[in-house]
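See below for the structure under consideration.
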Amino acid sequence: MEGSSPSAPPLAWHHFLDRMRHPSAADLVRSIKSFVVSFSNAAPDPEKDSAAVQEFLANMEAAFRAHTLWAGSSEEELENAGEGLEKYVMTRLYNRVFASVPEDVHSDEELFEKMALVQQFVKPENLDIKPEFRNEPSLSLAQKVLQKINTYKAPRDKLICILNCCKVISNSLINASVVSNEGPPGADEFFPVLVYVTIKANPPQLHSNLLYIQRYRRQSRLVSEAAYFFTNILSAESFIWNIDAQSLSMDEVEFQKQMDSAKDHLLVLSTNSENHRSETLDATGDSELKDENSEASKDLENLDGKDKLIMSGPSTEDLEKKGSVELLMDDNVSRYFQDYPFLYAQAGDLTVGDVENLLDNYKQLVLRYVSLSKRASIISETPSKTDEC
């Protein structure tokens, strides 16, 4: 059975890393690094990639059992080693395998748009959810739990976000049943609530997240409660793909009217957002321009022939402020941070292997920011003595 908190238990994870640092584990480390390098250099092919990862994990877990480092270990310790291996390998390969083909990216966009429309008008009664099961605080909590799925890389961690979401729903239904003296809730009560929560949560790249778990979660561990809840969310995804008037207990004309209205609403929001940004830029731009021209005139009077004033638009600080405002107004702000995998990471989530990626990200960030500052800021350049001929 899966744990209730994302990521492998910290002690188990660090214990795995400690064992892999032992000199006698050198052969295992070489095998893992060799697989990661060869896999990373191959062209994406989801079906072959999945088979290759599953085979490698199985072979390495067998190697663990036969290795002196795990001699006399309990099944729990061996299980933790397997979990640690999966997390390490898939964290290293994440950018290579997640949403790695255009078909998956396109499906993510379509599903996200479908839920963005339906969530504007769908109500619990449209999914035949009984009044006693419409506990908004619980449903809101379940949504927030599911929305965390993109903050993790390991298949197990993503799966636990789904399991925790399902458990929040299940516990809410059980509590409501006890209060109302109803019988224990079953699949007929659970499934429509899960569909409703998924639509309202609308986590970006849900389709790719589900495929990622299917392909790279160790198959021998995708069983029992984990398998049950995961199957349910796969069914929920399929239901949402095919949502129509009948599935929402609506008249066809009314359903189409609501969908058209939702599209218009999103268009208006998008247009208003653009207009607001333009008005903000215009309003601030005029006053800023006057201030800048005034200051620039004073500065020009004090410049000698060697100094040049480069006026290339608003300052970096101004651009940052305006960009922050635009982000706050964006309904899908998370998409801007998909290329920054460590943004939501905790210190305990990082591995030694992450250091290289973090350093690369840091260097890119510094280069981009300095380049932006150089281009956007008002810079007074005075040649140094060593630069003078």
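Below are the figures for this structure:
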read-out	value
Residue within the range 43-57 that is part of a helix (DSSP H, G or I), among the aromatic types (Phe, Trp, Tyr), out of contact with any strand residue (DSSP E or B) (no Cβ under 7 Å at 6 or more places or on another chain) and within 19 Å of Leu159 (Cβ to Cβ) present	no
Subset of the range 191-226 that is modelled with pLDDT under 95 and hydrophobic (A, V, I, L, M, F, W, C) - its residue that is nearest to Ile162 (Cα to Cα)	Ala226
Given (1) crowded, with 18+ Cβ neighbours inside 10 Å; (2) touching a residue at least 40 places away in the same chain (Cβ under 8 Å); (3) under 25 Å from Ile243 (Cβ atoms), index of the condition Glu132 fails	(1)
Sole exception among (1) assigned to a helix (DSSP H, G or I); (2) modelled with pLDDT under 95 for Leu163, by number	(2)
Selected residue [farther than 22 Å from Ala52 by Cα and either at pLDDT 95 or above or not assigned by TED's automatic domain parsing to the domain that holds Phe35 (or both)] from Met115, Met90	Met115
Residue in the range 176-183 that is assigned by TED's automatic domain parsing to the domain that holds Gln119, closer than 30 Å to Ser50 by Cα and either crowded, with 19+ Cβ neighbours inside 10 Å or touching an Asp or Glu at 6+ places or on another chain (Cβ under 9 Å) (or both) present	no
Boolean, Ala66 is surrounded by fewer than 16 Cβ atoms within 10 Å (Cβ to Cβ) and closer than 20 Å to Ile213 by Cβ	no
Residue count, the range 118-133 (criterion: closer than 21 Å to Glu254 by Cβ and more than 22 Å from the chain's Cα centre (by Cα))	10
Phe229 vs. criteria free of Cβ contacts under 8 Å to residues at least 40 places away in the same chain, surrounded by 12 or more Cβ atoms within 10 Å (Cβ to Cβ) and in contact with a Leu (Cβ under 8 Å, 6 or more places away or on another chain)	no
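Rundown of residues vs (1) crowded, with 16+ Cβ neighbours inside 10 Å; (2) part of a helix (DSSP H, G or I); (3) free of Cβ contacts under 8 Å to residues at least 12 places away in the same chain, yes/no style:
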| position | (1), (2), (3) |
| --- | --- |
| Leu78 | no, yes, no |
| Gly82 | yes, yes, no |
| Lys87 | yes, yes, no |
| Arg92 | yes, yes, no |
| Asp108 | yes, yes, no |
| Phe121 | yes, no, no |
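The values are calculated or read from the model by the stated rules, or taken from the named source; none is laboratory data. All values reported here derive from a predicted model rather than from experimental measurement. All Cβ positions, glycine included, derive from the backbone under ideal geometry; neighbour counts span all protein chains shown.
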